[in-house]
1. For the stretch 113-145, how many residues are out of contact with any Leu (no Cβ under 8 Å at 6 or more places or on another chain) and not acidic (Asp, Glu)?
2. Go through the residues of the stretch 46-66 one by one and say whether even a single one is under 22 Å from the mean Cα position of the chain (by Cα) and either surrounded by 15 or more Cβ atoms within 10 Å (Cβ to Cβ) or outside any helix (DSSP H, G or I) (or both).
3. Are any of the residues in the stretch 140-160 among the aliphatic types (A, V, I, L, M) and free of Cβ contacts under 8 Å to residues at least 12 places away in the same chain?
4. Among the residues in the stretch 45-60, are any of a type outside the set (A, V, I, L, M, F, W, C), assigned by TED's automatic domain parsing to the domain that holds residue 139, closer than 30 Å to residue 140 by Cα and in contact (Cβ under 8 Å) with a residue 12 or more places away in the chain?
Amino acid sequence: MPEQYEVHSPATKRSVASELSQLESDCTRSAEAQTGAAARWRHCHYLIGITAVAMSVLSSVAFAGNHPVLAATLSSLLAVFVAVMTFMKPSARACEHKTAGDQYRALCNEVRIFREIQLFHACDDQSAIAGLNAFVKRRSELDTASRRVCGHLFRCICRRIHHRGKQKAHGSDEGGCGCGGACGCGEKTPQNGGENAESV
């Protein structure tokens with residue numbers, strides 16, 4: 001006979017809670033990475049747009065001032081910036097990353113509420129496992145539908161979250177977190193040694 005889950009097994013719920021905690025951490029990292037990517041693309045959109053406007057104005061001034069070579073150069077550069085803006089669509093990419101970040105954050109909140117409130121007070125073992133499977137499926141769907149974030153940005157986000165967790169664990173919002181600089185917080189390593197810095 002196949003093994004049956006016990007209706008009320010503390011070990012099962014502890015295992016589910018551990019997986020939910022890991023899923024919550026993963027969603028937090030993904031949410032912040034997507035939000036950071038959205039901010040970068042938004043800055044890129046403003047930079048290209050403002051530069052294009054400035055070149056358009058300068059080109060008009062050059063034509064009016066009878067400087068055809070300068071005007072032609074600025075017009076060519078303007079065409080390049082417009083082509084880059086059209087091809088890369090930084091504004092649309094920023095919106096896509098922001099939407100993905102909001103969805104990851106909403107999933108993270110739902111996982112936390114389920115783990116902290118519903119899991120031990122309103123679920124039997126089968127409901128707990130079913131809830132975990134549903135959250136994992138939604139996470140996988142978000143991973144498939146979301147745009148990729150560059151590896152460097154994602155590593156920076158992970159180090160920032162790690163540093164924040166260290167500070168919280170040491171009860172301090174300022175200064176080092178006690179990691180000896182391993183998380184990239186800038187804390188000096190003690191003279192008697194410490195953890196090696198994370199490779200990037």
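The values are calculated or read from the model by the stated rules, or taken from the named source; none is laboratory data. Computed from a prediction, not measured in an experiment: that's the story for all the values here. Ideal geometry is used to build each Cβ from the backbone, glycine not excepted, and the neighbour counts take in all protein chains shown.
1. The initial filter retains those residues of the stretch 113-145 that are out of contact with any Leu (no Cβ under 8 Å at 6 or more places or on another chain), namely 113, 116-118, 120-127, 129-130, 133-134, 137, 140-141, 143-145.
Next cut, not acidic (Asp, Glu) only: 113, 117-118, 120-123, 126-127, 129-130, 133-134, 137, 140, 144-145.
Qualifying residue count, the stretch 113-145: 17.
2. no
3. For the stretch 140-160, residues among the aliphatic types (A, V, I, L, M) and free of Cβ contacts under 8 Å to residues at least 12 places away in the same chain: absent.
4. First, the residues of the stretch 45-60 that are of a type outside the set (A, V, I, L, M, F, W, C): 45-46, 49, 51, 56, 59-60.
If we keep only those that are assigned by TED's automatic domain parsing to the domain that holds residue 139 as well, we get 45-46, 49, 51, 56, 59-60.
This time we only want the ones that are closer than 30 Å to residue 140 by Cα, so: 45.
Of the ones still in play, those that are also in contact (Cβ under 8 Å) with a residue 12 or more places away in the chain are 45.
Yes, because at least one residue in the stretch 45-60 is of a type outside the set (A, V, I, L, M, F, W, C), assigned by TED's automatic domain parsing to the domain that holds residue 139, closer than 30 Å to residue 140 by Cα and in contact (Cβ under 8 Å) with a residue 12 or more places away in the chain.
Residue by residue, here is whether (1) crowded, with 18+ Cβ neighbours inside 10 Å; (2) outside the structural domain of residue 20 (by TED's automatic domain parsing); (3) modelled with pLDDT under 85; (4) in a helix (DSSP H, G or I) holds:
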| position | (1), (2), (3), (4) |
| --- | --- |
| 72 | no, no, no, yes |
| 79 | no, no, no, yes |
| 108 | yes, no, no, yes |
| 127 | no, no, no, yes |
| 132 | yes, no, no, yes |
| 135 | yes, no, no, yes |
| 141 | no, no, no, yes |
| 160 | no, yes, yes, yes |
| 171 | no, yes, yes, no |
